[in-house]
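Worksheet for the structure shown next.
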Amino acid sequence: MMKAISKGEEALNLLNIIRNNSGKMDTVGLSDSRIIQFCNLDSNLLDAINEASEMHKVLTNRLGTDIMHKDEQSLVELLQADYVNFYAPATVNPYVALAARGPWIISSHGAVIHDNGGYGMLGAGHGPSSVISAMSQNWVMANVMTPSFSHSRLAESLKAELGHTRGNCPFTKFICMNSGSESMTVALRIADINANNHTGPGGKYEGYPIKMVSVERSFHGRTDRPAQISHSCKNGYDKNLATFQNRDNLILVPGNDSKALEDAFNLAKQEKFFIELVAIEPIQGEGNPGLCVSREFYDTARKLTKEHGSMLLIDSIQAGIRGQGCL
């Protein structure tokens, strides 16, 4: 009598077929014993492996074995050859994603990778069935200029979730944007208005030059004003962009250094310039992943910005779920 094999072993057989029909693997991923273990714990991994198996067959028929049998590094280079990649080569993932569910990615060469990236769009994991099910319906594509019942439903959901630990939502209005950089651009536009009110005719700081304060190794986006306060990218911008030449509008302070923050505001008072805003990531992302803001530093920033009439910009776009170390 043949011994029945487990679902994990069946999944491993599918992975071995992919491995045997691909080139040299660089990204090994989890060991086979761990793969079997997690297959018995999370159906998302089984789904990802099954989908990867089917996708490998489809791509082999479409692209041919010459492509699918390439070494992993060669395949990575081939597939991205026509694109400008804004990330440094060392930060580009060295594998090709074939299928994914939950926190699991299956590579083109049969590796199983646990995705700890924590990107904002992956808050519900890869391929979340509830999101896919909701999006599969024929919803009216309504932005804010076209009133929709979806607007009310979203607002009620946000108000129920945001501030629930304090018993009420602290926000009276919401602005819907398409990306982190766009959200930061809008926030900086609001700060710009506040700066104009303070430094324009009749303002408290009339005629003062304007500067911004950011934390060392910060990242707030790649569009113009967010880029100006993104220390992690500043050297590249200063070197290559004409609009960044001779720009003296940024003060950098070390993370969680309350004294340095106080010194920046004292300098503003002495040299008569207005600090438009202090930008803080509750948990730093791209520039210094995982550094958490201390309560003392936050309280100092809030106190100084209130006293000075500046804006406090809390950029938590990548912080919340990423701060848990999981998707």
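Values as computed for the structure displayed
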{"read-out": "Pairs with Cβ under 7 Å, 6+ apart, first in segment 95-124 and at positive phi, second of a type in the set (S, T, Y)", "value": "G110/S22"}
{"read-out": "Members of segment 83-111 that are in a loop (DSSP other than H, G, I, E, B) and either in contact with a Lys or Arg (Cβ under 9 Å, 6 or more places away or on another chain) or among the small types (G, A, S) (or both)", "value": "F86, A88, S108, H109, G110, A111"}
{"read-out": "Test: residue in segment 279-295 that is modelled with pLDDT of 95 or more, in contact with a helix residue (DSSP H, G or I) (Cβ under 7 Å, 6 or more places away or on another chain) and over 22 Å from S179 (Cα atoms)", "value": "no"}
{"read-out": "When residues of segment 175-232 are limited to those that are surrounded by 17 or more Cβ atoms within 10 Å (Cβ to Cβ) and of a type in the set (V, I, T), the one nearest to K272 (Cα to Cα)", "value": "I210"}
{"read-out": "Residue tally, condition more than 30 Å from L78 (Cβ to Cβ) and under 28 Å from the mean Cα position of the chain (by Cα), over segment 23-38", "value": "1"}
{"read-out": "Residue in segment 126-147 that is under 24 Å from S22 (Cβ atoms), at pLDDT 90 or above and in contact with a Pro (Cβ under 6 Å, 6 or more places away or on another chain) present", "value": "no"}
{"read-out": "Within segment 158-214, considering residues that are aromatic (F, W, Y) and in contact with a helix residue (DSSP H, G or I) (Cβ under 7 Å, 6 or more places away or on another chain), the one farthest from H308 (Cα to Cα)", "value": "F174"}
{"read-out": "Looking only at segment 262-283, and only at residues there that are within 19 Å of A195 (Cβ to Cβ) and part of a strand (DSSP E or B), the one that is farthest from the chain's Cα centre (by Cα)", "value": "F274"}
{"read-out": "Some residue of segment 125-142 being touching a residue at least 12 places away in the same chain (Cβ under 8 Å) and not in a loop (DSSP other than H, G, I, E, B)", "value": "yes"}
{"read-out": "Sole residue being of a type in the set (A, V, I, L, M, F, W, C), in contact (Cβ under 8 Å) with a residue 12 or more places away in the chain and within 20 Å of Y87 (Cβ to Cβ), chosen from C292, C233", "value": "C233"}
{"read-out": "H126 vs. criteria more than 22 Å from the chain's Cα centre (by Cα), of a type outside the set (D, E) and surrounded by 10 or more Cβ atoms within 10 Å (Cβ to Cβ)", "value": "no"}
{"read-out": "Only one of A242, A260 that is out of contact with any helix residue (DSSP H, G or I) (no Cβ under 7 Å at 6 or more places or on another chain) and buried (at least 18 other Cβ atoms within 10 Å of the Cβ)", "value": "A260"}
{"read-out": "Residues being among the polar types (S, T, N, Q) and in contact with a strand residue (DSSP E or B) (Cβ under 7 Å, 6 or more places away or on another chain) - total across segment 141-200", "value": "2"}
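The values are calculated or read from the model by the stated rules, or taken from the named source; none is laboratory data. Here the structure is a predicted model, which means the values were calculated and not measured. Neighbour counts run over all protein chains shown; Cβ positions are idealised from the backbone, glycine included.
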